[in-house]
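**Student:** Sharing a structure here in structure tokens format.
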Amino acid sequence: MRRALPLLGALVLLAGCGTGGKAPSTADPANGKKLFLSSNAQCAACHVLADAGSKGTVGPNLDDAFAADRAQGFKESTIENVVLDQIREANPPMPKNLVKGQDAVDVSAYVAGVAGTGKANAKPPSALGNDGKTIFQSECASCHTLAAAQATGTIGPNLDQLKPSEAIAKHQVEVGGGVMPAFKGTLTDAQITAVAKFVASSAGK
């Protein structure tokens, strides 16, 4: 049966052949997770990864892409080199070298350690409480620009420029659209209302 997400078709590049060599043995997965979640790298905005709590739909679901390969016995080091190759030699719409050097190695090590394992160590939305800013920074900042939340994401609209009303922001959070997932059923009604109020009251100010 044909794989739904053939990301590991890149296994022809096993051990990093042809794209910059193997990943070094020294890597910092904790730093890799920080970079994966950062608005600069934008990994979380584009990919699903349970451990990071990310829900991006622009790029492949990394858990789905690697789960079958883990089941077949591929080593973590092999997955790490594949991820590193994908960063260095990305295919559109993913830009090449979103992270470079040791940072790219760290991100690769992090993804290789958790993708497809079923781990989900990120704080669940239910644990975020009802503070709109906190919810926005956790769930929205990787995709949107909003100065009040120190967010500089570029996947979705710049909310400081858009200045949506509370009603519009709430509807968008509930139903999503385009690459934005719907949060109704993931966030509580109170959380959706809180983040919509935060956006409406702070956008452009």
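The values are calculated or read from the model by the stated rules, or taken from the named source; none is laboratory data. Bear in mind the structure is a predicted one, so any value in this text is a computation, not a measurement. Positions of Cβ are generated from backbone atoms using ideal geometry, with glycine treated the same way; all protein chains shown enter the neighbour counts. Please note that ligands, DNA and RNA were not included when accessible areas were found on the heavy atoms of the full protein model with its side chains. Shrake-Rupley method; radii C 1.70, N 1.55, O 1.52, S 1.80 Å.
**Student:** With only Lys, Arg, Asp and Glu charged, each at its Cβ (+1 for the first two, -1 for the last two), find how big the charge dipole of region 40-118 is about the Cα centre; round to the nearest 20 debye. Mind showing how you got there, number by number?
**Tutor:** On the way: 6 positive and 10 negative charges, 32 e Å.
The calculation lands at about 160 debye.
**Student:** Picking from Leu62, Val114, Gly178, whose Cα lies most toward the positive end of the charge dipole for region 57-205 (charges on Cβ: Lys, Arg +1; Asp, Glu -1)?
**Tutor:** The one lying farthest along the dipole's positive direction is Gly178.
**Student:** Right, next: Near the amide H of Ala151, under 5 Å away, which other amide H atoms are found, from residues 5 or more places off or on another chain, if H is placed in the peptide plane?
**Tutor:** It is Leu146, by chain and number.
**Student:** Now for a separate question. Ranked by accessible surface with a 1.4 Å probe, highest first, in what order do Lys133, Lys34, Lys163, Lys205 come? Please list the in-between numbers first.
**Tutor:** Values: Lys133 70, Lys34 150, Lys163 130, Lys205 170 Å².
Result, largest first: Lys205, Lys34, Lys163, Lys133.
**Student:** While we're looking at this one, here's another question. Could you report the accessible area of Val114 in Å², rounded to 10, computed with a 1.4 Å probe on the protein chains as they sit in the structure?
**Tutor:** Val114 has an accessible surface of roughly 10 Å² with all protein chains in place.
**Student:** Place a +1 charge on the Cβ of each Lys and Arg in region 99-196 and a -1 charge on the Cβ of each Asp and Glu, then give the dipole magnitude about the Cα centre in debye, rounded to the nearest 20.
**Tutor:** On the way: 7 positive and 8 negative charges, 19 e Å.
So the dipole magnitude of region 99-196 works out to roughly 100 debye.
**Student:** While we're here: Of the cross-linked pairs Lys34/Lys197; Lys55/Lys100; Lys100/Lys170; Lys75/Lys184, which ones have a Cα-Cα span greater than 31 Å in the structure shown? Before the final figure, lay out the partial values.
**Tutor:** Working: Lys34/Lys197 28 Å; Lys55/Lys100 23 Å; Lys100/Lys170 37 Å; Lys75/Lys184 38 Å.
In this structure, Lys100/Lys170; Lys75/Lys184 lie more than 31 Å apart at Cα.
**Student:** With just the Cα atoms defining each centre, how far is region 126-188 from region 45-81? Give it in Å.
**Tutor:** Between the Cα centre of region 126-188 and that of region 45-81, the gap is 24 Å.
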